[in-house]
Amino acid sequence: MEEKKLLIEGRRLDGRSPDQLRPVKLKAGVLKRADGSAYIEQGNNKILVAVYGPQELHPRHLQQPDMAVLRCMYNMAPFSVEERKKPGPDRRSVEISKVVREALESVLFLNLYPRSVIDIYIEVLQADAGTRVAGITAASVALADAGIPIRDLVAGVSVGKVDGILVLDLNAEEDQYGEADMPVAMTGRDKRITLLQMDGHMTREEFRQALQLAMKGCQQLYELQKEALREKYSSTPKEVTG
Ligand code: ADP
(Lines give C-alpha, C1' and ligand atoms only; values in the text may rest on other atoms or scores of the structure.)
Protein backbone atom coordinates (compact mmCIF):
# COMPACT_ATOMS: atom_id res chain seq x y z
CA MET A 1 0.00 0.00 0.00
CA GLU A 2 0.99 3.61 -0.57
CA GLU A 3 3.12 5.05 2.27
CA LYS A 4 2.00 8.19 4.06
CA LYS A 5 3.44 9.85 7.13
CA LEU A 6 0.63 10.27 9.67
CA LEU A 7 2.49 11.56 12.71
CA ILE A 8 4.70 14.63 12.67
CA GLU A 9 6.61 15.41 15.87
CA GLY A 10 4.09 13.40 17.88
CA ARG A 11 1.06 15.18 16.40
CA ARG A 12 -1.45 13.74 14.01
CA LEU A 13 -2.22 15.42 10.67
CA ASP A 14 -5.39 16.94 12.13
CA GLY A 15 -3.40 18.35 15.06
CA ARG A 16 -4.50 15.82 17.68
CA SER A 17 -2.27 14.04 20.13
CA PRO A 18 -2.31 10.22 19.87
CA ASP A 19 -4.72 9.80 22.80
CA GLN A 20 -7.19 12.50 21.79
CA LEU A 21 -10.74 12.03 20.52
CA ARG A 22 -12.04 14.08 17.62
CA PRO A 23 -14.43 16.87 18.65
CA VAL A 24 -17.79 15.30 19.49
CA LYS A 25 -21.27 16.81 19.41
CA LEU A 26 -24.04 14.57 20.64
CA LYS A 27 -27.70 15.46 20.91
CA ALA A 28 -30.71 13.45 22.06
CA GLY A 29 -34.22 13.68 20.65
CA VAL A 30 -33.69 15.39 17.33
CA LEU A 31 -36.52 13.77 15.37
CA LYS A 32 -40.15 14.43 16.16
CA ARG A 33 -41.71 11.32 14.62
CA ALA A 34 -39.34 8.62 15.83
CA ASP A 35 -39.90 7.17 19.32
CA GLY A 36 -36.31 8.03 20.14
CA SER A 37 -33.45 9.64 18.27
CA ALA A 38 -29.96 11.06 18.49
CA TYR A 39 -27.47 12.89 16.30
CA ILE A 40 -23.72 12.64 16.56
CA GLU A 41 -20.89 14.53 14.94
CA GLN A 42 -17.48 13.09 15.63
CA GLY A 43 -14.83 14.83 13.59
CA ASN A 44 -16.23 14.75 10.07
CA ASN A 45 -18.71 11.97 10.81
CA LYS A 46 -22.36 13.01 10.83
CA ILE A 47 -24.77 10.30 11.89
CA LEU A 48 -28.47 10.30 12.67
CA VAL A 49 -30.10 7.48 14.63
CA ALA A 50 -33.83 6.79 14.96
CA VAL A 51 -35.46 4.19 17.20
CA TYR A 52 -38.97 2.80 16.81
CA GLY A 53 -40.70 0.55 19.27
CA PRO A 54 -41.21 -1.63 21.06
CA GLN A 55 -44.22 -2.32 18.85
CA GLU A 56 -46.02 -5.43 17.62
CA LEU A 57 -43.97 -7.25 15.00
CA HIS A 58 -45.54 -7.96 11.61
CA PRO A 59 -45.66 -10.35 9.87
CA ARG A 60 -46.52 -12.44 12.88
CA HIS A 61 -44.43 -15.47 11.93
CA LEU A 62 -41.35 -13.34 12.68
CA GLN A 63 -42.48 -12.79 16.27
CA GLN A 64 -40.69 -14.41 19.20
CA PRO A 65 -43.23 -15.61 21.77
CA ASP A 66 -41.05 -14.74 24.79
CA MET A 67 -39.04 -11.71 23.73
CA ALA A 68 -38.74 -8.74 21.41
CA VAL A 69 -36.76 -8.91 18.19
CA LEU A 70 -34.07 -6.27 17.88
CA ARG A 71 -33.40 -5.08 14.34
CA CYS A 72 -30.64 -2.74 13.30
CA MET A 73 -30.23 -1.08 9.91
CA TYR A 74 -26.94 0.69 9.24
CA ASN A 75 -27.05 2.72 6.05
CA MET A 76 -24.59 5.05 4.36
CA ALA A 77 -26.13 7.83 2.30
CA PRO A 78 -24.90 8.01 -1.32
CA PHE A 79 -23.42 11.45 -0.57
CA SER A 80 -21.67 10.37 2.65
CA VAL A 81 -18.35 9.49 1.01
CA GLU A 82 -16.06 11.08 -1.58
CA GLU A 83 -17.30 8.99 -4.50
CA ARG A 84 -21.07 8.54 -4.63
CA LYS A 85 -21.96 5.30 -2.87
CA LYS A 86 -24.47 3.07 -4.59
CA PRO A 87 -27.66 3.29 -2.50
CA GLY A 88 -28.93 0.27 -0.66
CA PRO A 89 -27.44 -2.50 1.44
CA ASP A 90 -24.12 -4.13 0.61
CA ARG A 91 -21.92 -6.69 2.36
CA ARG A 92 -20.32 -4.05 4.57
CA SER A 93 -23.59 -2.52 5.78
CA VAL A 94 -25.09 -5.96 6.45
CA GLU A 95 -22.05 -6.87 8.56
CA ILE A 96 -22.09 -3.56 10.43
CA SER A 97 -25.84 -3.83 11.10
CA LYS A 98 -25.21 -7.26 12.65
CA VAL A 99 -22.29 -6.28 14.88
CA VAL A 100 -24.05 -3.10 16.02
CA ARG A 101 -27.16 -5.09 16.93
CA GLU A 102 -25.02 -7.52 18.91
CA ALA A 103 -23.23 -4.64 20.62
CA LEU A 104 -26.53 -3.22 21.90
CA GLU A 105 -28.57 -6.37 22.51
CA SER A 106 -27.03 -7.16 25.88
CA VAL A 107 -28.11 -3.88 27.50
CA LEU A 108 -31.77 -4.29 26.53
CA PHE A 109 -34.44 -6.24 28.39
CA LEU A 110 -35.89 -7.91 25.32
CA ASN A 111 -37.87 -10.42 27.42
CA LEU A 112 -40.07 -7.55 28.63
CA TYR A 113 -41.65 -7.26 25.19
CA PRO A 114 -42.77 -10.60 23.77
CA ARG A 115 -43.95 -10.60 20.11
CA SER A 116 -42.59 -7.08 19.64
CA VAL A 117 -39.87 -5.44 17.64
CA ILE A 118 -37.42 -2.64 18.35
CA ASP A 119 -35.95 -1.03 15.23
CA ILE A 120 -32.75 1.00 15.20
CA TYR A 121 -31.97 2.99 12.04
CA ILE A 122 -28.43 4.34 11.73
CA GLU A 123 -28.13 6.79 8.87
CA VAL A 124 -24.60 7.89 8.04
CA LEU A 125 -24.87 11.28 6.37
CA GLN A 126 -21.13 11.92 6.24
CA ALA A 127 -18.47 9.28 6.85
CA ASP A 128 -14.92 9.73 8.05
CA ALA A 129 -14.05 6.40 9.73
CA GLY A 130 -15.39 4.98 12.95
CA THR A 131 -19.00 5.22 11.80
CA ARG A 132 -20.02 1.85 13.32
CA VAL A 133 -18.79 2.87 16.77
CA ALA A 134 -20.14 6.44 16.55
CA GLY A 135 -23.42 4.83 15.44
CA ILE A 136 -23.43 2.68 18.60
CA THR A 137 -22.72 5.70 20.84
CA ALA A 138 -25.65 7.59 19.30
CA ALA A 139 -27.93 4.53 19.17
CA SER A 140 -27.66 4.02 22.96
CA VAL A 141 -28.74 7.60 23.49
CA ALA A 142 -31.62 7.14 21.02
CA LEU A 143 -32.76 3.99 22.87
CA ALA A 144 -32.76 5.88 26.17
CA ASP A 145 -34.56 8.78 24.48
CA ALA A 146 -37.23 6.32 23.33
CA GLY A 147 -37.84 5.50 26.99
CA ILE A 148 -36.73 1.91 26.49
CA PRO A 149 -35.23 0.53 29.71
CA ILE A 150 -31.52 -0.25 29.34
CA ARG A 151 -29.01 -1.69 31.80
CA ASP A 152 -26.35 0.77 30.73
CA LEU A 153 -25.32 3.03 27.87
CA VAL A 154 -22.86 1.62 25.33
CA ALA A 155 -20.18 3.86 23.83
CA GLY A 156 -17.75 2.96 21.08
CA VAL A 157 -14.52 4.23 19.62
CA SER A 158 -11.80 2.82 17.42
CA VAL A 159 -8.15 2.57 18.31
CA GLY A 160 -5.47 2.08 15.74
CA LYS A 161 -1.80 2.14 14.96
CA VAL A 162 -0.21 4.74 12.75
CA ASP A 163 3.53 5.07 12.12
CA GLY A 164 3.99 2.43 14.85
CA ILE A 165 2.15 4.50 17.49
CA LEU A 166 -1.24 3.67 19.03
CA VAL A 167 -3.83 6.36 18.39
CA LEU A 168 -7.39 6.92 19.57
CA ASP A 169 -10.35 7.55 17.27
CA LEU A 170 -8.92 7.14 13.77
CA ASN A 171 -10.04 9.47 11.02
CA ALA A 172 -10.47 8.20 7.45
CA GLU A 173 -6.91 9.03 6.44
CA GLU A 174 -5.49 7.16 9.43
CA ASP A 175 -7.88 4.28 8.82
CA GLN A 176 -6.77 4.06 5.20
CA TYR A 177 -3.01 4.38 5.62
CA GLY A 178 -2.51 3.14 9.18
CA GLU A 179 -1.31 -0.30 10.26
CA ALA A 180 -4.27 -1.35 12.40
CA ASP A 181 -7.86 -0.40 13.18
CA MET A 182 -9.67 -1.82 16.18
CA PRO A 183 -13.25 -0.69 16.83
CA VAL A 184 -14.33 -1.28 20.43
CA ALA A 185 -17.64 -0.69 22.22
CA MET A 186 -18.25 -1.06 25.94
CA THR A 187 -20.84 -0.34 28.59
CA GLY A 188 -20.40 2.94 30.43
CA ARG A 189 -20.55 1.85 34.06
CA ASP A 190 -18.87 -1.53 34.27
CA LYS A 191 -16.85 -1.41 31.02
CA ARG A 192 -18.07 -4.69 29.58
CA ILE A 193 -16.95 -5.06 25.98
CA THR A 194 -19.84 -5.58 23.57
CA LEU A 195 -17.95 -5.13 20.29
CA LEU A 196 -14.35 -5.77 19.40
CA GLN A 197 -13.06 -6.09 15.86
CA MET A 198 -9.59 -5.81 14.44
CA ASP A 199 -8.24 -5.03 11.03
CA GLY A 200 -4.44 -5.17 10.72
CA HIS A 201 -1.79 -6.29 13.18
CA MET A 202 -0.84 -5.50 16.77
CA THR A 203 1.43 -7.25 19.22
CA ARG A 204 -0.07 -8.64 22.40
CA GLU A 205 1.30 -5.66 24.39
CA GLU A 206 -0.03 -3.18 21.84
CA PHE A 207 -3.42 -4.85 22.04
CA ARG A 208 -3.41 -4.46 25.82
CA GLN A 209 -2.50 -0.79 25.55
CA ALA A 210 -5.02 -0.26 22.75
CA LEU A 211 -7.79 -1.56 24.99
CA GLN A 212 -6.74 0.87 27.73
CA LEU A 213 -6.85 3.70 25.21
CA ALA A 214 -10.28 2.60 23.99
CA MET A 215 -11.50 2.51 27.58
CA LYS A 216 -10.35 6.07 28.11
CA GLY A 217 -12.12 7.21 24.93
CA CYS A 218 -15.31 5.35 25.80
CA GLN A 219 -15.34 6.93 29.27
CA GLN A 220 -15.24 10.40 27.70
CA LEU A 221 -18.00 9.44 25.28
CA TYR A 222 -20.07 8.01 28.15
CA GLU A 223 -19.90 11.38 29.92
CA LEU A 224 -21.09 13.07 26.71
CA GLN A 225 -23.95 10.56 26.39
CA LYS A 226 -25.15 11.32 29.91
CA GLU A 227 -24.81 15.03 29.24
CA ALA A 228 -26.89 14.76 26.03
CA LEU A 229 -29.67 12.98 27.93
CA ARG A 230 -29.50 15.42 30.83
CA GLU A 231 -29.69 18.32 28.42
CA LYS A 232 -32.87 16.97 26.89
CA TYR A 233 -34.59 15.74 30.06
CA SER A 234 -33.53 17.92 32.94
CA SER A 235 -34.32 21.33 31.46
CA THR A 236 -37.54 22.93 32.56
CA PRO A 237 -39.82 23.72 29.63
CA LYS A 238 -39.41 27.28 28.46
CA GLU A 239 -42.49 29.39 28.84
CA VAL A 240 -43.89 30.67 25.58
CA THR A 241 -44.42 34.40 25.77
CA GLY A 242 -45.84 37.00 23.42
P1 ADP B 1 -16.12 2.41 10.00
O2 ADP B 1 -16.79 3.61 9.38
O3 ADP B 1 -16.95 1.79 11.07
O4 ADP B 1 -14.72 2.71 10.44
P5 ADP B 1 -14.88 0.92 7.83
O6 ADP B 1 -13.61 0.66 8.56
O7 ADP B 1 -15.45 -0.15 6.95
O8 ADP B 1 -16.04 1.29 8.88
O9 ADP B 1 -14.76 2.20 6.95
C10 ADP B 1 -13.90 3.25 7.28
C11 ADP B 1 -14.22 4.47 6.47
O12 ADP B 1 -13.98 4.20 5.09
C13 ADP B 1 -15.70 4.89 6.51
O14 ADP B 1 -16.06 5.58 7.67
C15 ADP B 1 -15.74 5.77 5.29
O16 ADP B 1 -15.15 7.03 5.57
C17 ADP B 1 -14.85 4.99 4.31
N18 ADP B 1 -15.69 4.14 3.46
C19 ADP B 1 -16.37 3.04 3.79
N20 ADP B 1 -17.08 2.54 2.75
C21 ADP B 1 -16.85 3.37 1.73
C22 ADP B 1 -17.29 3.42 0.37
N23 ADP B 1 -18.14 2.53 -0.14
N24 ADP B 1 -16.81 4.43 -0.40
C25 ADP B 1 -15.95 5.35 0.11
N26 ADP B 1 -15.52 5.35 1.38
C27 ADP B 1 -15.95 4.39 2.17
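The values are calculated or read from the model by the stated rules, or taken from the named source; none is laboratory data. Keep in mind that this is a model prediction, so the values were computed, not measured. Please note: Cβ atoms are built from the backbone with ideal geometry, for glycine as well, and neighbour counts cover all protein chains shown. Protein only, heavy atoms only, side chains kept; ligands, DNA and RNA dropped before computing areas. Shrake-Rupley method; radii C 1.70, N 1.55, O 1.52, S 1.80 Å.
One table, with the values for the structure above:
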{"read-out": "Whole-percent carbon and sulfur share, accessible surface of the chain, 1.4 Å", "value": "51"}
{"read-out": "Residue-normalised accessible area of the chain, expressed per residue, 1.4 Å probe, Å²", "value": "54"}
{"read-out": "Accessible area (Å², 1.4 Å probe, nearest 10) - residue 109", "value": "70"}
{"read-out": "Descending principal axes extents, the chain, alpha-carbon based, whole Å", "value": "54, 53, 39"}
{"read-out": "Chain lengthening between residue 32 and residue 44 when straightened (0.36 nm per residue, less Cα-Cα)", "value": "1.9 nm"}
{"read-out": "Helix-derived mean residue ellipticity, 222 nm - over the chain, DSSP H n ≥ 4, -39500 (n - 2.57), to 500", "value": "-9000 deg cm²/dmol"}
{"read-out": "Separation of alpha-carbon centers, the stretch 14-87 and the stretch 121-190, rounded to whole Å", "value": "12"}
{"read-out": "GNM result for the chain, Cα springs below 10 Å: residue of 161, 46, 226 fluctuating most strongly", "value": "226"}
{"read-out": "Label-to-label distance, nm, for residues given as residue 177 and residue 81 (7 Å Cα→Cβ offset)", "value": "1.9"}
{"read-out": "Share, in percent, of DSSP beta bridges within the chain that are antiparallel, nearest 5", "value": "85"}
{"read-out": "Estimated FRET transfer efficiency (residue 204, residue 151; beta-carbon r; R0 35 Å; 0.05)", "value": "0.70"}
{"read-out": "With DNA, RNA and ligands ignored, accessible area of residue 181 (1.4 Å probe; Å², nearest 10)", "value": "30"}
{"read-out": "Simple spin-label estimate for residue 109 and residue 62 in nanometres, 7 Å along Cα-Cβ", "value": "2.5"}
{"read-out": "Sequence-distant residues sharing a close amide H with residue 153 (under 5 Å, placed H)", "value": "188, 189"}
